[in-house]
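The values are calculated or read from the model by the stated rules, or taken from the named source; none is laboratory data. Since the structure is predicted, the reported quantities are computational estimates derived from the model, not experimental observations. Neighbour counts run over all protein chains shown; Cβ positions are idealised from the backbone, glycine included. SASA here: full protein model, heavy atoms, side chains in, ligands and nucleic acids out. Shrake-Rupley method; radii C 1.70, N 1.55, O 1.52, S 1.80 Å.
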Amino acid sequence: MTIHIYNTLSKKKEIFEPVNPGKVGIYLCGPTVYKEAHIGHMVGPVIFDSICRYFRYNGFEVTWVVNITDVDDKLIGQSRERGIPMSQVATEMTMDYCANLLSMGVDQITHMPKATEHIDEIICFIRDLVEKGFAYDTAGDVFFDVGRNTEYGKLSNRRPDEQQGEGGGAASKKRAAGDFALWKSAKPEEPSWQSPWGPGRPGWHIECSAMSHRILGRTFDIHGGGLDLVFPHHENELAQSECCHGEAMAKYWMHNGLMRAAAAGKVGGRSDRQAPADQASEETSGQKISRSKGAGGLHELIAQQGGERIRFFLLRTHYRSTIVFDNEGLEETGAALEKFYGFFERYERITGQRFYLEVDGEETRQLIRQRQEGEIEVSQPGLLSEIKSLRDSFLGKMDDDFNSGGAVSDLFQMLSTLNKFADEKHLDISTERVDDDLADFSRAVETLRELSAILGLFLKPPAKAVAGDNDELLDQAMQLLIEMRAEARKNKDFATADRVRDGLTAIGVTLEDRSEGTNWKAD
RNA sequence: GGCGCCGUGGCCAAGUGGCUAAGGCGGCGGAUUGCAAAUCCGCUAUCCCCGGUUCGAAUCCGGGCGGCGCCUCCA
């Protein structure tokens, strides 16, 4: 059981060896909280949430940091536009972001530091860099001197002198076009903090260097983020931290693929300012999703589709590849998920046990079982040996750079195996089933639960779209209908029986006649 | 222009040197059912093209075609 990780720095898969035995420190670049999040912002958190669960499952003590950038130009812009303080914009959007994370089942994060709460550390960090000669100040602005860093460009594989110039006003103060701001002097009426270089605010990259250092130390295990952050953000962080400390910032750099929209408008808002609808959809099809292009509506999307569906959708593709987002794909995922939900209901009917653990947050963390505890002892071929080999396959795929997409297929195979077993052994019929089979079945389901929990799936019952799941009155009415229909069927009055069922189908209620009675569900 | 990624069945998607190329969605056929639903079984792939390396390539190398990302804010 060795975990391999694809490292952007070396461009290879490497064997994971923690900096400190038994511990893992992860820093994931979080959002700039100036606007509501869009679906693309969820890719990293969801995959890292599963990675985090997987490390914990393997016995590691994990510290997972996701930072909140709550000061920058865009926040200042929003604050002006809306006529409220920047801190209020940040607070609102941070709460929004966290709510989205929770509804996607992302609850493994241990720290969410804010840039504005670490100004002192940031200033110290910059002062250090200036003293060591890696940074210079020009009338209130402090820049990192890329030319002094011989290794600059090693993460994104580019040389500073080959870059196209940045241009722009601030560039004139820089010694070289590739130099970037560590500290920006305050313009009138901008939020600012006192510093040795005068009032101002931190540049974009420095907060991550300062906060990761503060929480995770000089060299930590994994630094993650979207592929679009490799340059300049991570390259600059790396340069700052390694120049300041003289040692590696992170051992493994992981970058998730970006999400693209299948067509204009579908993601929620790529507005039709591009004129003819057909044209626009042709032209923007396959474009990267981003807030500057108007993507949004994550709340609506989650409300509509359910967080688990979106999470599952994201995990079915390898984290490093591009995911094309469209509603059809999501609907398909929904159909696939239904197979699981249907089986869990079957499990509950058969065993009388609740499938869902119904816990979240801290409790989930306590509940993550250890890899060794889940080992299955088998002496002969049969259900458990099949489940065991599927489990081995699942874990093998997760060990190989967190191949959740491949791992999910083992979950599906496990599902088929279990359904087949229940069919063959007549587990649905209480008078025909055998205790030994039931015991094996339960043991096997336990494994399915163990593995799906690694992916953060099936911890809670799916949210029903139709209110009334808990509506006693509705349930009683349904029972009455079902009883009357049962009587009709008994009397071979199928016309009446079908009238009831078809009528219910028409209003979105499905009846399922089973060996031990009929049950219903609303879609 | 510089750096990089991708192209697997109708659609989505694992696999990156060697058993009959996972899995999902959809479709078709069958078992089951009074008929359905659910479930199970079966069927549905010249792995973009050309050339090379190799006993053997979807997988490695070269060339082409097509799609995309970064180089400016971006998860």
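With an 8 Å Cα cut-off and a minimum separation of 6 or more residues, compute the relative contact order for chain A in percent. Provide the component values of the computation, followed by the final result.
Working: 778 pairs, mean separation 80.9, N = 523.
So the answer I get is 15 percent.
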**Study point:** Relative contact order of region A:1-75, pairs being alpha-carbon contacts under 8 Å that are 6 or more residues apart, as %
**Key:** 37 percent
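If you take every DSSP beta bridge whose two residues both sit in chain A, what share of them, in percent to the nearest 5, is antiparallel?
Working: 22 of 44 bridges.
If I count the DSSP bridges inside chain A, around 50 percent turn out antiparallel.
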Review point. With r defined as the distance between the Cβ atoms of A:LYS420 and A:SER10 and R0 fixed at 60 Å, what FRET efficiency is calculated, to the nearest 0.05?
Key: 0.85
Revision key, fill the gap. SASA check, A:HIS233, accessible area w/ 1.4 Å probe, all protein chains in place, rounded to nearest 10 Å², comes out at 0 Å²
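Estimate the FRET efficiency between A:ASP128 and A:ARG80 by the formula 1/(1 + (r/R0)^6), using the beta-carbon distance for r and 35 Å for R0, to the nearest 0.05.
On the way: r = 33 Å, r/R0 = 0.95.
In this case the efficiency is close to 0.60.
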Study note, to complete from the structure: Partner lysines whose C-alpha sits under 23 Å from that of A:LYS74, ignoring same-chain residues fewer than 8 away, are A:LYS35, A:LYS114, A:LYS173, A:LYS174, A:LYS184, A:LYS187, A:LYS288, A:LYS293
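Can you sort A:THR322, A:THR447 by 1.4 Å-probe accessible area, starting with the largest? Walk me through the numbers before you get to the answer.
Working: A:THR322 70, A:THR447 0 Å².
My answer, sorted largest first, is A:THR322, A:THR447.
Taking a probe of 1.4 Å, how large is the accessible area per residue of chain A, in Å²?
Working: 24440 Å² over 523 residues.
Each residue of chain A exposes 47 Å² on average to a 1.4 Å probe.
Can you give the charge dipole size of region A:40-177 about its Cα centre, rounded to the nearest 20 debye, using +1 on the beta carbon of Lys and Arg and -1 on the beta carbon of Asp and Glu?
Working: 15 positive and 21 negative charges, 69 e Å.
It works out to roughly 340 debye.
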Check your understanding: Around A:GLY405, what is the net charge, scoring Lys/Arg as +1 and Asp/Glu as -1 over all other residues with Cβ under 10 Å from its Cβ?
Key -> +2
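Given a 1.4 Å probe and every protein chain left where it sits, what share in percent of the accessible area of region A:365-438 is carbon and sulfur?
Values: 1670 of 3760 Å².
Solvent-exposed carbon and sulfur of region A:365-438 make up 44 percent of the total.
List the chymotrypsin sites (Phe, Trp or Tyr not before Pro) within region A:339-407 that fall in a DSSP loop (any state other than H, G, I, E or B) and whose Cβ has at most 15 other Cβ atoms within 10 Å.
Numbers: sites: A:PHE340, A:TYR341, A:PHE343, A:PHE344, A:TYR347, A:PHE355, A:TYR356, A:PHE394, A:PHE402; in loops: A:PHE355, A:TYR356, A:PHE402.
The qualifying sites are A:TYR356.
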Check your understanding: Under 19 Å from a point 7 Å along the Cα-to-Cβ line of A:SER389: which residues of region A:416-436 have their amide N that close?
Key -> A:416-422
Review point. Name the residues of region A:425-464 whose amide N is less than 16 Å from a point 7 angstrom out from the Cα of A:VAL359 along the C-beta direction?
Key: A:446-447, A:449-461
**Study point:** Largest to smallest accessible area among A:THR510, A:THR94 [probe 1.4 Å]
**Key:** A:THR510, A:THR94
Exercise for review: Please give, to one decimal in nm, the separation of the simple spin-label points placed at A:THR138 and A:GLU331, each 7 Å out from Cα toward the Cβ.
Suggested key: 5.6 nm
Review point. Of A:GLU36, A:GLU189, which has the most accessible area with a 1.4 Å probe, and how do the rest follow in descending order?
Key: A:GLU189, A:GLU36
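Per 0.36 nm of contour for each residue apart, how much would the distance between A:ASN157 and A:ALA486 grow if the chain were fully extended, relative to their Cα-Cα spacing?
Net length gain for the segment: 111.4 nm.
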Study note, to complete from the structure: Here, GluC sites (Glu not before Pro) of region A:208-252 satisfying both criteria (DSSP loop; at most 10 other Cβ within 10 Å) are A:GLU247
Review point. Which value, in Å² rounded to 10, gives the accessible area of A:SER379 with a 1.4 Å probe and all protein chains present?
Key: 120 Å²
Practice item. Among the lysines, select those whose C-alpha is under 25 Å from the C-alpha of A:LYS13, and discard any that sit fewer than 8 residues away in the same chain. Key: A:LYS23, A:LYS154, A:LYS251, A:LYS397
Practice item. Determine how large the accessible area of A:HIS299 is when every protein chain is in place; take a 1.4 Å probe and give Å² rounded to the nearest 10. Key: 70 Å²
Review point. Distance in nm between label sites at A:THR505 and A:GLU247, each 7 Å beyond Cα in the beta-carbon direction?
Key: 6.8 nm
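What's the longest piece of chain A with no exposed trypsin sites (Lys or Arg not before Pro), counting a site as exposed if DSSP puts it in a loop and it has at most 11 other beta carbons within 10 Å?
Longest site-free region, per DSSP loop and neighbour criteria: A:12-353.
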Practice item. Once you have the Cα-Cα distance between A:GLU189 and A:VAL324, take 0.36 nm times their residue separation minus that, and quote the gain in nm to one decimal. Key: 44.4 nm
Check your understanding: So if R0 is 25 Å, what FRET efficiency would A:GLU345 and A:SER379 give, r being the distance between their Cβ atoms, rounded to the nearest 0.05?
Key -> 0.20
Revision key, fill the gap. Region A:50-121: relative contact order from alpha carbon pairs under 8 Å, six or more residues apart, as a whole percent, is 47 percent
Exercise for review: Go through region A:446-523 and name the GluC sites (Glu not before Pro) that are in a DSSP coil and have 12 or fewer other Cβ atoms within 10 Å of their Cβ.
Suggested key: A:GLU516
